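Engineer: Below you'll find the structure I mean.
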C-alpha cells in the first residue's frame, strides 16, 4: 500500500477557538516532514494564540524520528508558555504517546469536541 | 468523515513500537553483565529530565556503498555491542535489539563503573531507537539509522536528551558531554569500518530547550552512578569482612 503523503494544515478558515488553533495532520510522520510540520506550527504561532491543537485523526504512521519532531513542537510550546493539545489519537498512537511519556506533558483528548470544550474552560 | 481519514485497524507501524510498560522488567542477566538500576525503573522522555535539552546529530557517509540501509541496520542491530568503544559494554537480551527488549549497559566512567540500561523503544528495517530509564545519565532517546542519499549511505546517530539530574548536568558540562560525543563518533567509525569504508563523522548540536527543569531535581535519587558506587563499595566491604572472618 503506498504511503499517504504528509500534510499539516491550519484549519481553514483559521478558527480562533478561544485563543487556540487546530492543525490537522494527515499521512505519515517521519523525519522527512520536519519542514512541513514546523511550517504549520510557525503559522499557528503567528496567530498569537495561547493553545495549539494537533489533530492526529488522519495520521496513519509515526516512526521514532516523527515522535522526536512532536517533542520539538512540545519544547517550543513550553518555551513560549503555550499549551499543546492533542486529539484524534487511535488506541495504538495513545500507546505510543504513553511509552514515550509524551502524555505527561500534553493535554490529550479523545476527540475534537472535548478538546474544544477544554479550550473554552481555559478562557 | 472522509473514509481516507479513518484509522486503519492495524497501523503499519504497530510492530515497530514497544508495548507500553509501567516499569522495566529484565528477564535474565547476560553473562558478565552487572545488572543494577534497570529492573523496576520507569522509562524517561526527553522532557522528563533536569538539564538542558539537546539534539545531537552524528553522521558518517559511506560513499558509493553497495549496501542498502536495511542491510546496514540489520548488521548494526545484530552486532550492536561490537561497535561500542571498549569502556562502554552493551548487553542486549538473547532476543536482540527488538521493540520492548532491555539492553544492559556497563560503562567505565571517571566516577567508576556504572550499571544502567536502555529499552528498545522502536525498531524498523532502517532505524532503531533506545529510550533511557530512571537513573541513566540522560533522559531521552537515541536513534540509529541509515538512509540512502544519492549514491551514498548516510549513517546517523541522533540523540534527543537532557541530563537526568543536577549531578549529571554538572558532569555533562564539565566532561561527560565530550565523552559521550566520542562514543557515538566511535560507533559510526566502527560501523563504517565494518563495511570497509573510512568515515569522517560530523556532529551538529542544537539546544532545543536551554532551561533547567528544577521540578525534576528529585531524579537524583535514582542516579545510577551513585547507586553503582554504593553497591561497589558495599560489596567490597562485605568481601573484606568475610575475608577477615575466615
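Just so you know, all these numbers are worked out from the coordinates, no wet-lab data involved. Bear in mind the structure is a predicted one, so any value in this text is a computation, not a measurement. Note that we place each Cβ from the backbone using ideal geometry, even for glycine, and neighbour counts take in every protein chain shown.
Engineer: Could you work out how much longer the chain between residue A:9 and residue A:43 gets when fully extended? Use 0.36 nm per residue separation minus the Cα distance between them, nm to one decimal.
Structural biologist: Separation in residues times 0.36 nm, less the Cα-Cα distance, equals 11.3 nm.
Engineer: With an 8 Å cut-off on Cα pairs and a minimum separation of 6 or more residues, tell me the relative contact order of the range A:7-111 in percent.
Structural biologist: Relative contact order for the range A:7-111 comes out at 26 percent.
Engineer: A further question on this structure: Please report the antiparallel percentage of DSSP beta bridges with both residues in the range A:2-123, rounded to the nearest 5.
Structural biologist: Details: 4 of 21 bridges.
Here the share of antiparallel DSSP bridges comes out near 20 percent.
Engineer: Right, something else. What is the distance in Å between the Cα centroid of the range B:51-107 and that of the range A:72-90?
Structural biologist: 30
Engineer: Right, here's the next one. Using a Förster distance of 35 Å, how high is the FRET efficiency between residue A:120 and residue A:91, based on the Cβ-Cβ distance and rounded to 0.05? It would help to have the intermediate numbers written out before the result.
Structural biologist: On the way: r = 26 Å, r/R0 = 0.76.
Here the calculated transfer efficiency is 0.85.
Engineer: Follow-up question, since we're still on this one. Using just the helices of the protein assembly as shown, give the 222 nm mean residue ellipticity in deg cm²/dmol: DSSP H runs with n ≥ 4 each add -39,500 (n - 2.57), and the total is spread over all residues, rounded to 500.
Structural biologist: -9000 deg cm²/dmol, from helical runs alone.
Engineer: Relative to the longest principal axis of chain B, what angle (0 to 90°, nearest 10) does the C-alpha long axis of helix B:177-194 take?
Structural biologist: That helix lies at roughly 50 degrees to the long axis.
Engineer: Which FRET efficiency value, to the nearest 0.05, do you get for residue B:183 and residue B:205 by plugging their Cβ-Cβ distance into 1/(1 + (r/R0)^6) with R0 = 25 Å? Present the calculation step by step, with values, prior to reporting the outcome.
Structural biologist: Values: r = 15 Å, r/R0 = 0.60.
With a Förster radius of 25 Å, E is 0.95.
Engineer: Here's something else I'd like to know. Taking chain B as a Gaussian network, where each spring joins two C-alpha atoms under 10 Å apart, which residue of B:236, B:41, B:162 fluctuates the most?
Structural biologist: B:236
Engineer: Over the range A:63-123, what relative contact order in percent results from Cα pairs under 8 Å that are six or more residues apart?
Structural biologist: Once normalised by length, the contact order is 35 percent.
Engineer: Given Cα pairs under 8 Å that are at least 6 residues apart, what percent is the relative contact order of chain B? Could the numbers behind the result be given before it?
Structural biologist: Details: 515 pairs, mean separation 68.1, N = 246.
Over chain B, the number comes to 28 percent.
Engineer: Determine the gain in length on full extension of the stretch residue B:215-residue B:173; use 0.36 nm per residue of separation and subtract their C-alpha separation, reporting nm with one decimal.
Structural biologist: Difference between extended and current length: 13.1 nm.
Engineer: Another question, if that's okay. For residue B:63 paired with residue B:190, estimate the spin-label separation in nm (one decimal), with each label point 7 Å from Cα along the Cα-to-Cβ line.
Structural biologist: Each label point lies 7 Å from its Cα, and together they span 2.5 nm.
Engineer: Determine the shape class of the range A:7-111: with a ≥ b ≥ c the square roots of the Cα gyration tensor eigenvalues, call it rounded for a/c under 1.5, and otherwise prolate if a/b is greater than b/c, oblate otherwise.
Structural biologist: rounded
Engineer: Angle between the Cα long axis of helix A:34-46 and the longest principal axis of chain A, 0 to 90 degrees, nearest 10?
Structural biologist: Value to nearest ten degrees: 0.
Engineer: Counting only other chains, what is the mean number of Cβ atoms within 10 angstrom of the Cβ of each residue in peptide A:93-104?
Structural biologist: 6
Engineer: Given a 10 angstrom Cα cut-off, can you work out which residue in B:78, B:169, B:101 is the most mobile in a GNM of chain B?
Structural biologist: Between B:78, B:169, B:101, it is B:78 that shows the largest mean-square fluctuation.
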